[in-house]
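Beneath this line is the structure, given in structure tokens, with notes to follow.
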Amino acid sequence: MDTEVPADGVEPFPGMHTERGEMEAPVCGDGVEHFPASDQQGAPREPEVPADRVEPFPAMEVIDTEIETSVPERQVDQQPHKVPTAEDVKLPSVEDALLPTPEDGNGYRVICKTMLHLLQDWKKTEIEGVGSKVRPPMKCNITVVGDEGDEGDNEATATVRKPAGEGKGCRLKRAATPLLSPFTDPSRKKRKVTDLHAQTPQPRFDPTKPVAMDDVKAIIQLCRAWKTDISAELELEPFEVGADFFYKLLDETAWMSSRHLDMAMFLIRKRQLSHPQLFGREWTTAEFCLQQFLQPFAMPSGKRVTRKHSAASTVHPPPNYLKNVHHFVNGSWQHGYAQAWTKVRKVYLPYNVRQSHWVAVEVDFVRHTVTVYDSYSDFTSNSMLVRFMEPITHTLAKVLHEMRFYEKSEVEAVKSKGTDMSNFNPFTICRISDVPQQTDGTSCGIMTVKFIEYLSAGIPLHTIDPSKFGYYRLKLAIEALRGEAYV
């Protein structure tokens, strides 16, 4: 703060020191400071400074901060309106103990809203391109159990390894035969003999099992790290994904893409091979691209197609597409954890109708049927659905017949079915409409995933809750990040 010196060179008293603010009072031509006439009545006025340059008393000291306090209405009118930014929005912290659980009412909505806010800049990747690669914060290792259900070979007799520091060498001592038999020595404690014929309760899959809060915090932490580099690619087990993969999956108003359903089929298939006692081995899943390989000559919408051309286009795919179909049948498709179809009796896959609606398809080789589970029955008529399903009912049936699939099948029921069919027969199509129906235009994808998950586990479809579509989407996103589906 500088000290004002009058023109006559006389040093001022300390009382003339003035703090300068943003407001300055106008000075009239007579050298006397005045306030505008528009001041509010009753507002305090600044003391006037005479023009004769007489040194004022300390009581004449002017402090602009007092003026700002006395007229707050002016300051509010002069300040522009402040638009809230992303930094002003309060987001739940990963370490916040009050983080809602996804199963509670609006809990999953709060979590999804937080993640969508962190990933809202994913559209920049379309302009700036793909950035660096990031690793998921957690990785789960899955052990594929053998056919007998055990991870290793169990010895029939008990062995005891002698500690290395005692005696000579480390010989293996084998227990005596009487000790391994039901015979018990009177001097020893009696052993309990278990009844091998007693029925033990079989474990069951619980699709309503809540997700772990550590997994919820892990995916939020990933989104926070993704916000710093929105163009980064996340390397998951089946394929790499960007921020748009999780954004569109969590957004209830967005349509799920084929990559979302392929991820779900991969996780369901991987969980099956990890827990064969729980899910069995009589079925497998296939990705959406199988449908693309079976209908290579689909005509654009709006053009009429003759019946002859339609039959030719659905029965004879090109050689390169036919080779990919063989990979699916042989269980050697690139995503892994697939079984050869000769070892199963059913195959589940997502199917797209008219490029605007997802349905779940079950191919049963024993019954030789294709069953469609539709969450929006009024979308397609039965006659149109039969036509749209020709790539499965005709083309796939033709490919299997040429591969002599039924003769090579290891399932006796499937092999006997092939014996009954001496010639080529297309699959019989069935439509199940008595299933939970969607109430919007974007939930067909997640409904298709839940249909396949429940059907493969033998759970009735009517137990699916249509009001939890958002929660099902969040659960699938968490499962994709952790690398395995919940059991």
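Does any residue in region 420-448 that is modelled with pLDDT under 90 come within less than 8 Å, Cβ to Cβ, of a residue that is hydroxyl-bearing (S, T, Y) six or more places away or on a different chain, and which pairs are these? Here the result reads M421/Y406; S433/S377, each pair linking region 420-448 to a residue that is hydroxyl-bearing (S, T, Y). Only one of the listed residues (S356, S416) is farther than 20 Å from L294 by Cβ and among the polar types (S, T, N, Q). That residue is S416.
Of all the numbered requirements in (1) surrounded by 15 or more Cβ atoms within 10 Å (Cβ to Cβ); (2) under 30 Å from P317 (Cβ atoms), A218 misses one, and that requirement is (2).
Across region 346-371, the number of residues qualifying as part of a loop (DSSP other than H, G, I, E, B) and surrounded by fewer than 18 Cβ atoms within 10 Å (Cβ to Cβ) comes to 5. Helices (runs of 4 or more DSSP H) fully within region 385-487 that include at least 2 residues being open to solvent by 50 Å² or more (accessible area, probe 1.4 Å): 397-402, 405-408, 412-420. Of the residues L250, L273, L261, the single one that is modelled with pLDDT of 90 or more, in contact with a Pro (Cβ under 7 Å, 6 or more places away or on another chain) and of a type outside the set (F, W, Y) is L261.
The values are calculated or read from the model by the stated rules, or taken from the named source; none is laboratory data. None of the values given here were measured: they were computed from a predicted structure. FYI the Cβ positions are ideal-geometry reconstructions off the backbone, even for glycines, and counts take in every protein chain you see. Quick note on the areas: whole protein, heavy atoms, side chains included, nothing else; ligands and nucleic acids left out. Shrake-Rupley method; radii C 1.70, N 1.55, O 1.52, S 1.80 Å.
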